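The values are calculated or read from the model by the stated rules, or taken from the named source; none is laboratory data. Keep in mind the model is a prediction, meaning the values are calculated, not measured. Note that we place each Cβ from the backbone using ideal geometry, even for glycine, and neighbour counts take in every protein chain shown. To get the accessible areas, we keep the full protein, side chains included, count just its heavy atoms, and leave off ligands, DNA and RNA. Shrake-Rupley method; radii C 1.70, N 1.55, O 1.52, S 1.80 Å.
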Amino acid sequence: MSRSLSLTCLTDCSIQSVRSILLDRSLESVQGVLLEDGTEIRTRLVLSNATPTVTFQHLIPQDALPIQFVDQLTGFDYTSGVTKINVAVDSLPNFIASPNHHKHHPEPHHQSTIHLGCETIDNLHQAYLDAQNGQPSTRPSIEMCIPSSIDTTVAPPGKHVVSLFVQYTPYRLTQGTWDENTKNEFADQVFNIIEEYAPGFKSSIVGSDILTPVDLERIFGLTGGNIFHGAMGLDQLYFARPTPTYSNYRSPINGLYLCGSGTHPGGGVMGSSGRNAALTLLRELKETR
């Protein structure tokens with residue numbers, strides 16, 4: 001569809017590939033984007049799906065922004081306590097609560113979201129307190145999905161991919177750093193908990209990928225490792241996302257818009273922020289014709 005509309009889509013351009021957003025001499029309007037290889041893409045409109053901090057503090061000259069806006073943005077909270085663990089296994093998890101009827105045939109619960117370690121509020125509260133004190137939760141809450149139970153193309157026949165959304169892990173540790181040993185120790189702790197519910201899970205593991213908040217920031221440009229582009233507290237929703245003065249997808253720079261989860265209504269796999277930003281832009285284009 002894009003090509004039929006004479007659009008050009010550039011792939012393999014990560015956030016690290018963008019060096020800066022180009023402005024005019026007055027520092028008031030967008031002129032394009034500069035890539036790390038020196039390529040300039042000239043345009044009078046830019047929609048940024050990066051976090052507000054990456055967009056305005058890494059890609060824009062600070063003297064182009066109002067002081068009040070910079071101060072508000074500096075106070076934007078990116079606290080996140082999530083670690084993502086991707087696991088490759090050679091068999092489906094076999095849960096005590098609902099044993100498998102066939103080794104290779106997914107059951108309905110395999111095709112759902114599975115929550116472990118969150119049976120009581122006390123469990124969740126203690127897990128949160130651990131992270132508040134700068135250490136990974138000793139007994140974290142685990143959200144498990146098995147994409148290969150629905151889409152068989154993501155794993156070889158008879159094998160599966162398990163996605164773990166684990167809470168809570170702080171961005172900064174009070175003791176040590178998120179080195180490979182610390183990451184592997186935490187992952188092993190998570191696997192031990194899953195083993196309580198699904199014996200044999202650990203022995204089925206053939207590989208894993210552990211993404212702490214630090215890794216999520218480094219690899220994907222997610223400030224603070226926050227997958228929602230900012231904490232989803234009441235003080236950072238609606239007209240306060242990302243700042244009270246610019247919560248309508250616009251920015252202090254003419255032609256620059258935010259379309260990511262750092263805008264209303266925030267994170268979640270729904271695309272609402274992008275849709276709202278696009279509608280805002282289209283409406284303004286019609287008004288200026």
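Applying the criterion of being open to solvent by less than 60 Å² (accessible area, probe 1.4 Å) and β-branched (Val, Ile, Thr) to the residues of region 1-22, the residue that is modelled with the lowest pLDDT is Ile15.
For region 187-198, the criterion of being among the aromatic types (Phe, Trp, Tyr), touching a Phe, Trp or Tyr at 6+ places or on another chain (Cβ under 9 Å), open to solvent by less than 10 Å² (accessible area, probe 1.4 Å) and in a helix (DSSP H, G or I) is met by none of the residues. Once region 225-237 is narrowed to residues that are in contact with a Ser or Thr (Cβ under 6 Å, 6 or more places away or on another chain) and small (Gly, Ala, Ser), the residue that is surrounded by the fewest Cβ atoms within 10 Å (Cβ to Cβ) is Ala231. Candidates in region 28-60 are the residues that are open to solvent by 50 Å² or more (accessible area, probe 1.4 Å) and over 23 Å from Tyr249 (Cα atoms); of these, the one that is nearest to the chain's Cα centre (by Cα) is Glu36.
Checking each residue in region 273-289 for being open to solvent by 80 Å² or more (accessible area, probe 1.4 Å) and among the aliphatic types (A, V, I, L, M) picks out only Leu282. Residues that are surrounded by 15 or more Cβ atoms within 10 Å (Cβ to Cβ) and over 30 Å from Ala155 (Cβ atoms) were ranked within region 65-93; the one that is farthest from the chain's Cα centre (by Cα) is Leu65. For region 157-180, a tally of residues being open to solvent by 20 Å² or more (accessible area, probe 1.4 Å) and more than 19 Å from Gln111 (Cβ to Cβ) returns 12.
Considering the conditions (1) within 30 Å of Gly134 (Cα to Cα); (2) open to solvent by 70 Å² or more (accessible area, probe 1.4 Å), Arg25 is excluded by exactly one of them, (1). Give the residue that is farthest from Ser149 (Cα to Cα), with candidates limited to residues of region 110-122 that are open to solvent by less than 50 Å² (accessible area, probe 1.4 Å) and modelled with pLDDT of 95 or more. It comes out as Leu116. Scanning region 199-222 for residues that are open to solvent by 20 Å² or more (accessible area, probe 1.4 Å) and either of a type in the set (Ser, Thr, Tyr) or not in a loop (DSSP other than H, G, I, E, B) (or both) returns Lys202, Ser203, Ile205, Val206, Gly207, Ser208, Asp209, Val214, Glu217, Arg218, Ile219, Phe220. Once region 238-272 is narrowed to residues that are of a type in the set (Val, Ile, Thr) and closer than 28 Å to Gln31 by Cβ, the residue that is surrounded by the fewest Cβ atoms within 10 Å (Cβ to Cβ) is Thr245.
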